[in-house]
Every structure is written in structure tokens, then in C-alpha cells.
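One structure below.
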């Protein structure tokens, strides 16, 4: 068999077509969420994005629709029960179901443990951990009923390491990794797959002004979106476990 024939056979087994799949991407107005929403639309999915800034959501929805895909934007705070219920209900009313959930919304704050305020700690846990819980809880009944679904949680390298001054954010991401495993174990018999992606430094609004960060040595949001599409397009019986760490080859920080 020639190399070309092997390549065609591989592509036929692993199509990148997500035609008519329905996806929700949280934090979809910027960064990784924006890139993921556009990649999903390019692959044929119908995409719903949610976030807190209507103007950013509108821009992404316009890009999605420009590719001929169906898309909607919903202003919401993923840490609020009623907002999450409204998002999922709106998507089901519009598209009939939810096949894919990408829990991407997240916030960060640095500070040593003795300096972190209760308000900062609680807000990080609310968005980074409570949000994925509420979104996952809302979509699971439908996925379990159809015995089909895919949930991808965007965690962080900070969810695998222990960086000083990163306790609040890092703890939220370590907990998110564990939460992902619980989702998988409780729902694998219902043919629901779960993946956790732990990116290193990605140039986004949240990180672009970090002192000493060399943007040219960082990951791009599109790198994470590519990995999301890869995971979503494996054969149904393929399970890729443990948090997936994606980093750059070169240290993106200026040496001091």
C-alpha cells in the first residue's frame, strides 16, 4: 500500500467533519474559546458561545456565520445557576440537543496565600470550578438519554504543577482535573467521553500583558483549538485519558 493510500485510509477513519453536531463553548468571546468556536464551525458544527461581553460574542458569531455555520451568542455568567439553565435551554430550543460541551471560561489572579482575599478566592473557584460543574450538570441528562456526548474541560499547566503565587488559580485547575475524571467514570457506560486539556502559556487577553512574557514563544489559541478538534474526531471507541499537557518547546519567559 502506497503512502498516499495509507493517508487516505487514515483520513477516512478519522474524519474532521462535525456536520450538524451541536456545541456549547463557554468563554467563547475571546482567546481559546473564540478559536475553538471558529474551528468547530469550520468543521461543520452548530455553535453556541456564552460569555459576559455581548460585543465580543457578536464578533465571534459573525465569524461563525460567515463560514456558513449556524451560531448563537448568549450573555451569561457560568457561575450562576439561572444563567446556565437559560443557556442550555436556549441551545436545546434552537438546535434540539447538545452534543459537545467545551468548558473554557476561566479567570486568574496571582498572589501568595496570605495575600489572597476571600472575594478573589471565591470568584476564581466560582468561574473555574463551579462553572464547569453547573454546565456539565445541565447537559448530562440529555447526553445520557441519547447515550452520546463529549465534554472537554480546558484546564492549565497550573493544574499539574505547583507554582508559588498561583494558589487560587492552580487549586481551581487541579480540582477541575479531578472533576473531569469523576465525570468520565460516572458516564463512560453511557458512551460519553471526557477530556481535559492543560495548556502552558497561551497568548490571550488574560496573559498578554504579563511582564517578561515572550509572545513569539507562547502557544496560540489556535493550537488549543486544533487539539480540541483532534479529540472530538476520534473514533467513538477511542478513549484518551489523563489530563493532556500541551506546552511550547522553548521557555516563553525572559530569563532573569
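Give the stretch 165-203 a look and list any residue that's touching a helix residue (DSSP H, G or I) at 6+ places or on another chain (Cβ under 7 Å), assigned to a helix (DSSP H, G or I) and within 29 Å of residue 142 (Cα to Cα), or say none.
172, 173, 174, 175, 176, 177, 179, 183, 187, 190
Just wondering, is there one or more residues in the stretch 184-205 that are within 22 Å of residue 252 (Cβ to Cβ), modelled with pLDDT under 95, out of contact with any strand residue (DSSP E or B) (no Cβ under 8 Å at 6 or more places or on another chain) and surrounded by fewer than 23 Cβ atoms within 10 Å (Cβ to Cβ)?
yes
Could you tell me which residue of the stretch 27-38 is farthest from the chain's Cα centre (by Cα), considering only residues that are under 20 Å from residue 139 (Cβ atoms) and in a helix (DSSP H, G or I)?
Only one residue tops the list, namely 37.
When you scan the stretch 130-150, do you find a residue that is under 19 Å from residue 200 (Cα atoms), crowded, with 17+ Cβ neighbours inside 10 Å, touching a helix residue (DSSP H, G or I) at 6+ places or on another chain (Cβ under 7 Å) and in contact (Cβ under 8 Å) with a residue 40 or more places away in the chain, even just one?
No, the stretch 130-150 has no match at all.
Of 109, 105, which residue is farther than 25 Å from residue 58 by Cβ, touching a helix residue (DSSP H, G or I) at 6+ places or on another chain (Cβ under 7 Å) and part of a loop (DSSP other than H, G, I, E, B)?
Only one candidate passes the filter, namely 109.
Any residue that is at pLDDT 75 or above, within 20 Å of residue 28 (Cβ to Cβ) and not in a loop (DSSP other than H, G, I, E, B) - is there at least one of those in the stretch 233-245?
Looking for residues that are at pLDDT 75 or above, within 20 Å of residue 28 (Cβ to Cβ) and not in a loop (DSSP other than H, G, I, E, B), one finds none in the stretch 233-245, hence no.
Consider residue 96 carefully, then state whether it is at pLDDT 95 or above, out of contact with any helix residue (DSSP H, G or I) (no Cβ under 7 Å at 6 or more places or on another chain) and at positive phi.
yes
Out of the stretch 44-65, which residues are in a helix (DSSP H, G or I) and either buried (at least 24 other Cβ atoms within 10 Å of the Cβ) or in contact with a helix residue (DSSP H, G or I) (Cβ under 9 Å, 6 or more places away or on another chain) (or both)?
Passing the criteria: 56, 57, 59, 60, 61, 63, 64, 65.
The values are calculated or read from the model by the stated rules, or taken from the named source; none is laboratory data. These figures come from a predicted structure and were not determined experimentally. Glycine gets a Cβ as well: all are built from the backbone with ideal geometry, and neighbour counts include every protein chain shown.
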